[in-house]
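Enquirer: Okay, handing you the structure first.
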Amino acid sequence: MADGLHIPSSGIDAGDHPPITPMAFANQSQLGGDDWRLYHYIVCHFLASISPDCAVVKTKAAFSVSGEEFRASGLVVKSPGFTAIMPWLSFKGEPMPDLTGVRSVGVENVSLDEGRTSAPDYLTEAELIGLMEKNGIGTDASIPVHINNICERNYAHVQSANRTISPSKLGVALVHGYHTIDSELVLPTVRANIEENISLIAKGNADYGMVVKHALDQFLAKFRYFTAKIGLMDQLFEASFSQLAQTQSKFLTKCGKCNRFMKYMPLKPPRLYCMNCEETYSLPQNGAIKVRVAPSFRVL
């Protein structure tokens, strides 16, 4: 702080509440527990926001080994800046040797590692909040309400152990159903557009009546289209929530997307259902299903 205050170069004022800043000095003996941890974080974040930037020097090098291109990089922290106050955001320095003027280096060893990619884990609350802010869904005040709503409606559940949010079977069926009929009902674009228009009204750059009329007309058109296609949603829900004994379904053929076996649902309307992709495929009415076994050959 000896060099004076450094005004933050980024940040958005959503206008829903003033910035959260410390107002008085307190120590751990006065607060304690969660109150102290929250106060300590607010103070650290405030001081970091008016501190200088963290300065690092990054070095990159490119190598060619028998025609194969390789790249390496190193990083050295020159000035910690705000990370001295928020060490959990600090950079781990990984310096690289000075290769200035060096045209060739020796190869000590060569190895080939085998691995496979794994599916990403469920989003944490913090990651979900970050994505909602990035896509313009809600404000600091309304985002927690949105998350609480989807949990209360049994669309998703918060795992208390690691604070990840996992979708319920109902939530997955709804998302796939909406995607099948009208993807905009699931994607963040429509909601973000509503939030943007509300901000324009608050700033005096849009007429309240025109924005409301446009939103009502848009959702009325979507409602009519959705109700006309509601049968697609019914098929997906029946395939997702019916008991195996009730549907008398059986594995019949493989899905063209994931190459896993799909279930044949004989109840009208007949269809194929992929449990992995959560998608249904309608079959011709009053048709006959025949299973043909592919012939096998042996080379003599």
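The values are calculated or read from the model by the stated rules, or taken from the named source; none is laboratory data. Just so you know, these numbers come straight off a predicted model, no measurement behind them. Glycine also receives a Cβ, built like all others from the backbone with ideal geometry; neighbour counts cover every protein chain displayed. Remember, those area values only see protein heavy atoms, side chains included, never the ligands or the DNA or RNA. Shrake-Rupley method; radii C 1.70, N 1.55, O 1.52, S 1.80 Å.
Enquirer: List every residue pair whose Cβ atoms sit under 6 Å apart, with the two residues 6 or more apart in sequence or on different chains, where the first one lies in the stretch 176-194 and is closer than 20 Å to LYS213 by Cβ and the second, anywhere, is open to solvent by 40 Å² or more (accessible area, probe 1.4 Å) and outside any helix (DSSP H, G or I).
Expert: ALA192/ASN135
Enquirer: Kindly establish whether PRO8 is touching a Ser or Thr at 6+ places or on another chain (Cβ under 6 Å), touching a residue at least 40 places away in the same chain (Cβ under 8 Å) and not aromatic (Phe, Trp, Tyr).
Expert: Criteria met by PRO8.
Yes or no, residue by residue, for (1) modelled with pLDDT under 85; (2) in a loop (DSSP other than H, G, I, E, B); (3) open to solvent by 100 Å² or more (accessible area, probe 1.4 Å):
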position	(1), (2), (3)
HIS17	yes, yes, no
MET23	no, yes, yes
SER29	no, yes, yes
PRO52	no, yes, no
PHE82	no, no, no
GLY106	yes, yes, no
THR117	no, yes, yes
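Enquirer: Something else about it: Being within 19 Å of ILE129 (Cα to Cα) and outside any strand (DSSP E or B) is true for just one of ASN193, ASN197, ASN205. Which residue is that?
Expert: ASN193
Enquirer: Working only within the stretch 252-272, note down all residues that are modelled with pLDDT of 80 or more and open to solvent by less than 80 Å² (accessible area, probe 1.4 Å).
Expert: Passing the criteria: CYS255, CYS258, MET262, LEU272.
Enquirer: Quick check on the stretch 195-205: of everything there that is without any contact (Cβ under 8 Å) to a residue 60 or more places away in the chain and closer than 17 Å to THR139 by Cβ, which residue is surrounded by the fewest Cβ atoms within 10 Å (Cβ to Cβ)?
Expert: Ranking the qualifying residues of the stretch 195-205, first place goes to LYS203.
Enquirer: Residues of the stretch 129-145 being surrounded by 14 or more Cβ atoms within 10 Å (Cβ to Cβ) and either in contact with a helix residue (DSSP H, G or I) (Cβ under 7 Å, 6 or more places away or on another chain) or over 17 Å from GLU196 (Cβ atoms) (or both), which ones?
Expert: ILE129, MET132, ASN135, GLY136, ILE137, GLY138, ILE143
Enquirer: For the stretch 119-133, give me each residue that is of a type outside the set (A, V, I, L, M, F, W, C) and modelled with pLDDT of 85 or more.
Expert: Scanning the stretch 119-133 gives PRO120, ASP121, TYR122, THR124, GLU125, GLU127, GLY130.
Enquirer: Within the stretch 56-71, identify whether any single residue is within 30 Å of ILE201 (Cα to Cα) and within 32 Å of the chain's Cα centre (by Cα), and answer yes or no.
Expert: Within the stretch 56-71, not a single residue is within 30 Å of ILE201 (Cα to Cα) and within 32 Å of the chain's Cα centre (by Cα).
Enquirer: Also: Under 6 Å between Cβ atoms, which residue pairs at least 6 apart in sequence (or on different chains) link something in the stretch 163-175 that is open to solvent by 50 Å² or more (accessible area, probe 1.4 Å) with a partner that is part of a helix (DSSP H, G or I)?
Expert: These pairs meet every condition: ARG163/GLU125.
Enquirer: Could you check the stretch 142-175 and list, in sequence order, the residues that are within 13 Å of GLU127 (Cα to Cα) and among the charged types (D, E, K, R)?
Expert: ARG163
Enquirer: Somewhere in the stretch 129-148, is a residue farther than 30 Å from LEU232 by Cα and basic (Lys, Arg)?
Expert: Looking through the stretch 129-148, at least one residue is farther than 30 Å from LEU232 by Cα and basic (Lys, Arg).
Enquirer: If you check ALA161 against the conditions, is it of a type outside the set (Lys, Arg) and within 28 Å of ASP140 (Cβ to Cβ)?
Expert: Yes.
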